[in-house]
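As structure tokens, the structure follows; a few thoughts come after it.
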Amino acid sequence: MSHETSALTINRVSKQFSTPEGGVVRALDNVSLEVAEGSFTVLLGPSGCGKTTLLRCIAGLEAADSGEISLRGQRIDDVPVWKRRVNTVFQSYALFPHLTVAQNIAFGLQMDGLSKTQIAPRVEEALAMVRLDGLGGRRPSQLSGGQQQRVALARALAKEPEVLLLDEPLSALDLKLRRGMQSELKRLQRETSLTFVLVTHDQEEAMAMADTVAVFDAGRIAQVGEPRDVYLRPRTRFVADFIGEANVLPAEVMDAGVRVGSIGDVGLDVISGIDGQPPGTRGHVAFRPENINWERTPNGDAHVLDVTFVGGDLHIVAEVGEDTITIRASSHHEEPPRTGDHLDLSFPAGSVRWVED
Amino acid sequence: MGRARARAGQGSAWAAAPGLLYLIGLVLAPLVIIVVYSFLSRAKLGVGVKWEFSAQAYADLLFSESLAGGRSFDPTYLQIIFNSFLFALITSAVTLALALPIAVWIATRPPKDRTGLIFLVTIPFWTSLLIRTYAFIIILNDNGPINAFLGALGLVESPIPMLYTPFATVVGLVYTFLPFMILPIYASAERFDFRLAEAAYDLGGGKWTVLRRIVLPSVRPGVIAGMLLVFIPALGSYLAPELLGGGKTSMIANVIAAQFGASRNWPFGAALSVLLLIITLLVLVAFAVLSKRSARVTGRSSWESML
């Protein structure tokens, strides 16, 4: 990615917090990231991985200890929060309870020094954008959670920020509403062609919305890429495990293949991402449950412990030696495995991924 | 239908009986006595009352009788009531200006520090108000530490007379009532969601704008409660004007006290008390209206903030 197309550049940003117990937490550890103009970038990771801290550093609500943050090529580290052309949709929505919906949205525009006649149509437009036309006179307390969420969105969007930051915006909504808002957010991002940076701990949400996903692991970015690429080619054990379901087994590089847990030797054509690992290297491999070929044979290595029917799929838990692995099979299979069956397993070319620890 | 079953946690009406008895016997009854006395006649020697109906005490509030028997309008007591209002208003305004930054500052400290700071605010309650007010005589007099300090710096040639001035009264009143303003505002500010301030900064608001447009409206119930807790007692203050104002700046309570003492006019003292009571009630009603309006906005009433 060239610098011309970067809406936001994070360069080697670090941030430490001291805990009340006197310890030190490295919330951000030398994090670098390029966010492309007009992209929908998702910062994904478990709670406490530093993703929200990075968002707050971009917004200016938190100051990084070191590193640089640039907005369209301009350093913003020393720009106070109220002067940065970025706006945040807060996890708690943070709507002003003493102001109406319209006044909430107008607040940010008043801060830009716009006149009443300029503000009114912008507020209307923002309300229409989030489909809350006609609710401008209500108070936040008179709205449902989903509606409040939309107001928070409209309030930030009305400012037409260079980057819109969204901090776990959907986490307080119930599942059905969340799904709807996911496509709603995608639509808004397309229509406004603004740059969105969203923080979430929900990997399905990240997959559904992101153009680019950055996976955080303990204050560092473990991997950045398109969701599909990250899913198919996880670089680390953490990423493989965190995104989607994965079987992660200990492995050792042999002369002509890789020994995978109790499964045994697997040919090099099956393994991907192993370039340059000399024989004798110990590490881990990951493979997806849906990417395993199985065949029922009386003396197969895999012993089926449990089969769960989940709609289109069957979740099969099988034991291979000392390892337990998960296999996903189609429910439409004529003779699906049953508990107690023995299976012979094989792997498609490139389907077993060597991952860093 | 059987008898109403008590819900869990619901108190029994009998538990309230001792408190109610106390209120009726020792709060309501004296009020009734005051009202009755105000409509009776002055006793011969001035101590006590003569049981004979008279509205003379109320007439005396507005008119004075000359020795010749003629009646003329006399604004003396209206002036005193106006003075009392002014002192109470100045006291409320000054305590508000001092208390607001303190309360917001305490509310923004880490939770473990807040308890200690609030504890410090309540330290004046440890000694009697009388003694603390006497202490101000020492502080403010011509040979007191303030004048000594100013003199030592060479800022003044002769001591500034502070004691027995309206200024001393205000100082005493502000000192007395400051904690009553800090505590309710702190209670409101402590519940303020500072993420709202972050959101306001994020939307482009500077520090002053955020304070004025986001923080202040949220602590308004606490401010109204504090004004109430300061204004009404300040209106009927006795000690500060008596000891520090030196009789030059009489407030209504001092005049009432005089009627039961040196002036020996109990019915008139009672009438003044009834007047003070009515004024206080009117102020309460005004605050209630104000508080209702702010409750509609913040969803929390000032009455709640006082607790």
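The values are calculated or read from the model by the stated rules, or taken from the named source; none is laboratory data. Being a predicted model, the structure only gives us computed values, none of them experimental. As a convention, Cβ positions derive from the backbone with ideal geometry for all residues, glycine included, and neighbour counts pool all protein chains shown.
Would you confirm, using the coordinates I've provided, whether B:Gly245 is buried (at least 22 other Cβ atoms within 10 Å of the Cβ) and within 14 Å of another protein chain (Cβ to nearest Cβ)?
No.
Could you please give the count of residues in the stretch B:91-116 that are assigned to a loop (DSSP other than H, G, I, E, B) and of a type in the set (D, E, K, R)?
Summing the residues that are assigned to a loop (DSSP other than H, G, I, E, B) and of a type in the set (D, E, K, R) in the stretch B:91-116 gives 1.
Test of understanding: among B:Gly25, B:Gly48, B:Gly69, which residue is surrounded by 10 or more Cβ atoms within 10 Å (Cβ to Cβ), on the phi > 0 side of the Ramachandran plot and out of contact with any Asp or Glu (no Cβ under 6 Å at 6 or more places or on another chain)?
B:Gly48
A quick yes/no check of all residues on (1) in contact with a helix residue (DSSP H, G or I) (Cβ under 6 Å, 6 or more places away or on another chain); (2) without any contact (Cβ under 8 Å) to a residue 40 or more places away in the chain; (3) farther than 30 Å from B:Leu100 by Cβ:
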residue	(1), (2), (3)
B:Gly206	yes, yes, no
B:Ser218	no, no, no
B:Leu229	yes, no, no
B:Leu235	yes, no, no
B:Ile252	yes, no, no
B:Ala257	no, yes, yes
B:Arg264	no, no, yes
B:Ala270	yes, no, yes
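Using beta carbons and a limit of 6 Å, which pairs, at least six apart or on different chains, have the first residue in the stretch A:299-318 and assigned by TED's automatic domain parsing to the domain that holds A:Ile263 and the second one among the basic types (Lys, Arg) and outside any loop (DSSP other than H, G, I, E, B)?
A:Asp313/A:Arg328
I'd like the residue in the stretch A:132-157 that is of a type in the set (Lys, Arg) and under 28 Å from the mean Cα position of the chain (by Cα) and, out of all such residues, is farthest from the other protein chains (Cβ to nearest Cβ).
Looking at the filtered set, the residue picked out is A:Arg150.
Condition (residue is part of a helix (DSSP H, G or I) and under 17 Å from B:Gly245 (Cβ atoms)) applied to the stretch B:117-130: is it met by at least one residue?
Yes, there is a match, as at least one residue in the stretch B:117-130 is part of a helix (DSSP H, G or I) and under 17 Å from B:Gly245 (Cβ atoms).
Yes or no, residue by residue, for (1) in a loop (DSSP other than H, G, I, E, B); (2) modelled with pLDDT of 85 or more; (3) closer than 25 Å to B:Ala234 by Cα:
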residue	(1), (2), (3)
B:Val47	yes, no, no
B:Ser54	yes, yes, no
B:Asp60	no, yes, yes
B:Leu67	yes, no, no
B:Leu78	no, yes, yes
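Look at B:Pro184 and say whether it is under 29 Å from B:Ile252 (Cα atoms), at pLDDT 90 or above and not charged (D, E, K, R). Break it down stepwise before answering.
Details: under 29 Å from B:Ile252 (Cα atoms): yes; at pLDDT 90 or above: yes; not charged (D, E, K, R): yes.
Taking the combined requirement at face value, the residue satisfies it.
Quick check on this structure: which one of B:Leu216, B:Leu183, B:Leu228 is within 14 Å of chain A (Cβ to nearest Cβ) and either within 30 Å of B:Arg132 (Cβ to Cβ) or in a helix (DSSP H, G or I) (or both)?
Going through B:Leu216, B:Leu183, B:Leu228 in turn, the sole match is B:Leu216.
Residue check: is B:Arg195 within 14 Å of another protein chain (Cβ to nearest Cβ), surrounded by fewer than 18 Cβ atoms within 10 Å (Cβ to Cβ) and assigned to a helix (DSSP H, G or I)?
Working: within 14 Å of another protein chain (Cβ to nearest Cβ): yes; surrounded by fewer than 18 Cβ atoms within 10 Å (Cβ to Cβ): yes; assigned to a helix (DSSP H, G or I): yes.
Yes: the conditions hold for B:Arg195.
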